Amino acid sequence: RGGLGDFVSALPPEVSARIFSGLDVESLCHASVACKGWHRVIESSERLWRHHCLAVRAVCRREIDCDRGNGYSWKITLLRNYWKSKVKQEWLSGKYSNIPSQLSLPEKSMYPMDVDTWGEILEAELER
């Protein structure tokens with residue numbers, strides 16, 4: 001089973017999941033497609049996705065709570081909100097408060113966001 005150095009096939013799934021828990025979201029997604037064994041462990045561990053999803057919830061509470069209330073898994077909820085939380089956090093932190101033109105915005109500065117999210121961002125701008 002597994003290739004040379006494939007710790008997943010040699011360890012209980014709980015231990016493998018514990019090792020994967022040290023990865024950030026993007027690395028976890030990359031690891032999930034590295035091989036079938038890793039994919040199986042990562043995809044079956046709600047705890048891995050829950051941890052990251054709760055971190056995203058600090059920025060996107062309404063969105064996370066809504067998705068979870070609609071029955072989405074931790075993984076799907078995270079994937080639906082991860083990039084949005086990154087962009088929203090940059091806007092809320094004031095990163096784009098004093099830009100000279102739209103050409104000064106980085107490529108990932110925009111993301112489809114609902115009116116409530118833009119309202120939060122505008123309120124933060126007004127408070128600056």
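The values are calculated or read from the model by the stated rules, or taken from the named source; none is laboratory data. Computed from a predicted model, the values in this text were never measured in an experiment. With ideal geometry, Cβ positions are generated from the backbone for all residues, glycine too; neighbour counts draw on all protein chains shown. Quick note on the areas: whole protein, heavy atoms, side chains included, nothing else; ligands and nucleic acids left out. Shrake-Rupley method; radii C 1.70, N 1.55, O 1.52, S 1.80 Å.
Inspection of the stretch 47-59 identifies at least one residue that is within 27 Å of V8 (Cα to Cα), among the aromatic types (F, W, Y) and within 11 Å of the chain's Cα centre (by Cα). Annotation note: Cβ proximity below 7 Å between a residue of the stretch 21-36 that is more than 13 Å from R47 (Cα to Cα) and aliphatic (A, V, I, L, M) and a residue that is open to solvent by 50 Å² or more (accessible area, probe 1.4 Å) and not in a helix (DSSP H, G or I) (sequence gap 6+ or interchain) occurs for A31/L23.
Would you mind finding the one in L28, L78, L11 that is within 30 Å of E125 (Cα to Cα) and either surrounded by 17 or more Cβ atoms within 10 Å (Cβ to Cβ) or more than 17 Å from the chain's Cα centre (by Cα) (or both)?
On inspection, the qualifying residue turns out to be L78.
Pick from the stretch 55-65 the residues that are part of a helix (DSSP H, G or I) and open to solvent by less than 70 Å² (accessible area, probe 1.4 Å): which of them is nearest to W118 (Cα to Cα)? Out of the qualifying residues, it is E63.
Taking residues in the stretch 44-65 that are in contact (Cβ under 8 Å) with a residue 40 or more places away in the chain, and partners anywhere that are part of a loop (DSSP other than H, G, I, E, B) and among the polar types (S, T, N, Q), not one pair has Cβ atoms closer than 7 Å while being at least 6 places apart or on different chains. Tell me yes or no: at least one residue of the stretch 106-113 is open to solvent by less than 60 Å² (accessible area, probe 1.4 Å), touching a residue at least 12 places away in the same chain (Cβ under 8 Å), in contact with a Lys or Arg (Cβ under 9 Å, 6 or more places away or on another chain) and closer than 30 Å to E43 by Cβ. Yes, the stretch 106-113 contains a residue that is open to solvent by less than 60 Å² (accessible area, probe 1.4 Å), touching a residue at least 12 places away in the same chain (Cβ under 8 Å), in contact with a Lys or Arg (Cβ under 9 Å, 6 or more places away or on another chain) and closer than 30 Å to E43 by Cβ. Among the residues in the stretch 37-48, are any part of a helix (DSSP H, G or I) and under 20 Å from T117 (Cβ atoms)? No, the stretch 37-48 contains no residue that is part of a helix (DSSP H, G or I) and under 20 Å from T117 (Cβ atoms). Being under 20 Å from S85 (Cβ atoms) and among the charged types (D, E, K, R) is the filter; apply it to the stretch 31-54 and report the residue that is surrounded by the most Cβ atoms within 10 Å (Cβ to Cβ). Per the criteria, the residue is R50.
With respect to the conditions (1) in contact (Cβ under 8 Å) with a residue 40 or more places away in the chain; (2) surrounded by fewer than 12 Cβ atoms within 10 Å (Cβ to Cβ), S97 falls short on a single one, namely (1).
Candidates in the stretch 71-98 are the residues that are in contact with a helix residue (DSSP H, G or I) (Cβ under 9 Å, 6 or more places away or on another chain) and not in a helix (DSSP H, G or I); of these, the one that is farthest from E26 (Cα to Cα) is S97.
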